Amino acid sequence: MKGILKTIVLLFLLLLFFSCNSFLNSSPSAPNFILILTDDQGWTSTSVQMSGEIEMSKSTYFETPNLERLANNGMKFSRGYSAAPVCSPSRYSIQFGQTPARLNMIRVGMNTEHINHNNAITIPKILKHINPNYVTAHYGKWGIDVDPSVLGYDCDDGPNGNKEGKFTNTKSQWEVEISEDPKKIFSLTKKSIDFIKKQADSKTPFFLQISHYAIHTNIMTNQRAFNKYQNKKPSDIHNNPGYAGMIENLDEGLGMILDQLNELNLLENTYIIYTSDNGAVPTIPARKFYKKGMNFPLSRGKWDAMEGGIRVPFIISGPGIKKKSESIVPVIGYDLLPTIIDIVNPSFIPTNNIDGGSLKNILFSQSNSEVIRPYEGLFFHVPYENKIALKRAHSSVIKNNFKLIKFRDNDEVRLFNLNSNISETKNIAQEHPIITKNLEKLLNGYLKDVNSIKWSEGLNWKNVRINKVNSFYD
């Protein structure tokens with residue numbers, strides 16, 4: 001009898017142990033998600049030290065205390081990437097969980113008639129398929145060629161672009177403008193808070209994407225912040241008081257969201273994702289030639305697939321995520337869709353070609369575990385010339401600590417070890433011919449598999465119907 005009793009007690013304790021561990025390492029069944037997507041915010045353009053090993057991965061001039069607060073409550077990714085070095089491709093990539101190369105959406109101002117915008121596989125559509133109770137909303141800069149409702153959003157403020165946040169694209173865009181609602185940061189935040197309150201009152205789970213117009217030009221800030229940074233000692237890298245003020249105003253908007261979630265007791269059931277659509281502009285004002293850019297120690301900036309153009313702030317907080325944690329695993333914008341799916345319903349398998357992988361294991365248990373994607377590596381595709389940037393069409397692949405860049409005009413390849421040379425100053429292709437050959441094969445194979453568009457001299461892909469031009473990898 002005693003033996004049976006001991007067995008029952010042991011089984012009970014084991015059941016309790018596994019139940020507790022399951023509870024601690026899992027997420028709520030219907031959590032809320034808030035994706036805060038900033039515009040042109042570089043990896044070093046915050047006061048969060050994005051890499052624990054690299055002191056210069058934070059700014060000593062810009063101040064973002066609320067982003068520090070978010071990082072302290074969750075996980076920062078020292079190797080977080082946008083899917084492209086410009087806005088529209090990376091925004092498409094987030095929604096569909098696919099690379100710009102697969103979508104054949106590789107630049108701003110591109111014709112997108114070839115994209116199936118009615119595709120059932122987008123973040124809001126999948127969430128609502130898994131759980132019809134989810135309410136989805138998008139506010140701010142959209143940058144996609146259909147209304148947000150077509151991709152599954154219940155609430156939105158329109159298919160907005162840069163001009164809705166004020167963008168003149170003249171030399172005046174680099175001059176500081178004083179505003180009480182710079183780049184609509186505060187009105188956009190209020191709109192988002194009203195949505196959050198409504199869902200809290202009705203007790204409905206939600207997905208909210210807040211896509212800020214900041215810190216894209218025009219440079220705008222309020223008077224208080226401008227005065228503050230005019231009187232603050234600049235750094236060698238960051239020194240523009242108007243730009244700094246805009247970054248602080250953007251951070252204040254984040255703080256308002258965090259305060260509201262706390263007031264509504266929603267923080268324990270809400271995942272907050274903070275990232276940018278691409279890296280920061282390399283200089284203010286933009287110019288072709290410079291010795292040390294605003295993204296230093298990263299090389300170059302927006303418009304290039306060098307690190308300054310694609311490595312961005314990437315922070316996630318929420319239930320089950322260890323506070324003040326850091327992951328050194330390379331992650332990217334198109335990982336967000338499979339991650340959200342995996343958190344809400346691990347058994348749901350998308351039928352379309354998803355390029356991203358789930359970050360769930362990294363977030364909940366092993367901060368440096370492997371991300372399983374259909375293809376090894378992260379892919380970047382810029383098959384056109386840009387007068388401000390490298391001025392050469394190029395593609396890139398990152399696998400582990402190695403990064404290969406291939407230029408399309410003469411098939412030149414460069415290889416960098418990002419662990420030892422984050423500034424991409426030392427080409428080690430000749431020293432590591434096997435690694436170079438394998439990465440080049442991986443990159444070329446992927447572009448062929450997805451039948452992506454390829455560089456052709458004189459073709460910039462702007463306003464071009466791609467099916468009318470025979471320039472594909474096949």
task: Being out of contact with any Lys or Arg (no Cβ under 9 Å at 6 or more places or on another chain), part of a loop (DSSP other than H, G, I, E, B) and open to solvent by less than 40 Å² (accessible area, probe 1.4 Å) narrows it down to one of 390, 459, so name that one.
output: 459
task: Have a look at 250, 254 and point out the one that is in contact with a Leu (Cβ under 7 Å, 6 or more places away or on another chain) and part of a helix (DSSP H, G or I).
output: 254
- prompt: Quick one: how many residues across the stretch 182-207 are open to solvent by less than 10 Å² (accessible area, probe 1.4 Å) and either among the hydroxyl-bearing types (Ser, Thr, Tyr) or outside any helix (DSSP H, G or I) (or both)?
  reply: 4
task: Among residues belonging to the stretch 401-425 that are surrounded by fewer than 18 Cβ atoms within 10 Å (Cβ to Cβ) and modelled with pLDDT under 95, point out the one that is nearest to residue 444 (Cα to Cα).
output: 411
query: Does the stretch 393-433 hold any residues that are in contact (Cβ under 8 Å) with a residue 60 or more places away in the chain, among the small types (Gly, Ala, Ser) and part of a loop (DSSP other than H, G, I, E, B), and which are they?
result: 393, 423
task: For the stretch 120-128, state whether one or more residues are modelled with pLDDT under 95 and open to solvent by 50 Å² or more (accessible area, probe 1.4 Å).
output: yes
- prompt: Within the set of pairs 6+ apart or on separate chains, which have a first residue in the stretch 147-167 that is under 20 Å from residue 185 (Cβ atoms), a second that is part of a helix (DSSP H, G or I) and at pLDDT 95 or above, and C-beta atoms under 6 Å apart?
  reply: 156/148; 165/183; 165/184
message: Tell me the residue from 320, 308 that is under 19 Å from residue 424 (Cβ atoms) and either part of a strand (DSSP E or B) or in contact with a Ser or Thr (Cβ under 6 Å, 6 or more places away or on another chain) (or both), please.
response: 308
task: Would you tally the residues in the stretch 367-417 being of a type in the set (A, V, I, L, M) and within 26 Å of residue 327 (Cα to Cα)?
output: 8
- prompt: Which numbered condition trips up residue 172, out of (1) buried (at least 16 other Cβ atoms within 10 Å of the Cβ); (2) part of a helix (DSSP H, G or I)?
  reply: (1)
query: If you check residue 218 against the conditions, is it open to solvent by less than 10 Å² (accessible area, probe 1.4 Å), of a type in the set (S, T, N, Q) and in contact with a Ser or Thr (Cβ under 8 Å, 6 or more places away or on another chain)?
result: yes
task: Have a look at 187, 192 and point out the one that is of a type outside the set (Asp, Glu) and closer than 17 Å to residue 153 by Cβ.
output: 192
message: Can you find, within the stretch 365-377, the residue that is nearest to residue 318 (Cα to Cα) among those that are of a type outside the set (Asp, Glu) and touching a Lys or Arg at 6+ places or on another chain (Cβ under 8 Å)?
response: 367
Answer residue from the stretch 33-91, given it is more than 17 Å from the chain's Cα centre (by Cα) and aliphatic (A, V, I, L, M) and is surrounded by the fewest Cβ atoms within 10 Å (Cβ to Cβ) among those: 54
task: Only residues that are among the small types (Gly, Ala, Ser), more than 14 Å from the chain's Cα centre (by Cα) and modelled with pLDDT of 95 or more: list them for the stretch 306-356, please.
output: 317, 318, 320, 325, 327
Check on residue 235, at pLDDT 95 or above and over 27 Å from the mean Cα position of the chain (by Cα): no
Options 361, 368, 345, 353; residue that is polar (S, T, N, Q) and loosely packed, with under 14 Cβ neighbours inside 10 Å: 368
field: Test set (1) within 26 Å of residue 469 (Cα to Cα); (2) without any contact (Cβ under 8 Å) to a residue 60 or more places away in the chain - residue 110 fails condition number
entry: (2)
- prompt: If we scan the stretch 102-115, do we find a residue that is open to solvent by 10 Å² or more (accessible area, probe 1.4 Å) and more than 19 Å from residue 383 (Cβ to Cβ)?
  reply: no
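The values are calculated or read from the model by the stated rules, or taken from the named source; none is laboratory data. As the structure is a prediction and not an experimental result, all values here were calculated from the model. With ideal geometry, Cβ positions are generated from the backbone for all residues, glycine too; neighbour counts draw on all protein chains shown. The protein model used for the area step is the full one, side chains on, heavy atoms only, and it has no ligands, DNA or RNA in it. Shrake-Rupley method; radii C 1.70, N 1.55, O 1.52, S 1.80 Å.
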